[in-house]
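The structure appears right after this line, and notes come after that.
Taken together, the values in this text are just the output of simple stated rules run on the coordinates, not laboratory data. On a predicted model such as this, the values are computed, not experimentally measured, just so you know. Quick reminder, even Gly has a Cβ in these numbers, built from the backbone with ideal geometry, and neighbours come from all protein chains shown.
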Amino acid sequence: MKLGRLRAPDGLDRLELVEEDPPQPGPGDVLVRIRACSLNMRDDFAVRGKTPLADSRVPLSDGAGEVVAVGDDVDAFRPGDSVVSTFYPWWLDGVMTPATKAPAGYTHAEAATLTCTGVTAWRGLVASRYV
């Protein structure tokens with residue numbers, strides 16, 4: 001599989017396109033083939049070092065694709081399910097999950113706009129009225 005890995009210290013010149021074997025999902029893991037992504041300001045900040053990431057991270061907040069494999073103890077997802085990434089910048093409580101099912105009828109490109117970018121837009125249009 002091809003992916004972009006960011007090498008520390010961060011910077012555009014430290015973003016490398018690499019070829020790797022897909023990982024095998026461990027217990028509780030879900031392996032997703034990303035089919036579409038939506039780049040946003042958070043990703044730009046990460047690549048430019050304004051939001052530091054651990055070495056070798058893939059700087060991608062919003063992605064959509066299909067489940068390829070699941071690890072032991074995973075019963076919420078099955079291979080072939082259409083999913084989107086999740087985004088938890090300051091999670092306060094409870095169990096976090098790395099993916100959630102995409103809305104029925106959405107293409108991967110449409111679903112990839114929902115997580116960070118879509119919630120940011122919604123918050124600007126709707127939630128700001130109540131602040």
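What to note about this one:
- J(HN,Hα) series, the stretch 32-41, from Karplus relation 6.51 cos²θ - 1.76 cosθ + 1.60, nearest Hz, glycine and proline x: 10, 8, 6, 9, 8, 9, 10, 7, 9, 4
- Dimensions of the chain from C-alpha coordinates, computed as largest minus smallest value along each principal axis and given longest first, are 43, 38, 30 Å.
- Of L39, G4, V126, farthest towards positive along the dipole that unit charges on Lys, Arg, Asp, Glu beta carbons give the chain: V126
- Theoretical ellipticity at 222 nm over the chain - DSSP helices of four or more residues, -39500 (n - 2.57) apiece, nearest 500: -3000 deg cm²/dmol
- Dipole size of the chain about its Cα centre, with +1 on Lys/Arg Cβ and -1 on Asp/Glu Cβ: approximately 560 debye, rounded to the nearest 20.
- Take the Cα of T51, step 7 Å toward its Cβ, do the same at R14, and the gap between the two points is 1.6 nm.
- Under the combined filter of DSSP loop state and at most 11 neighbouring Cβ atoms within 10 Å, the stretch 1-65 retains these trypsin sites (Lys or Arg not before Pro): K50.
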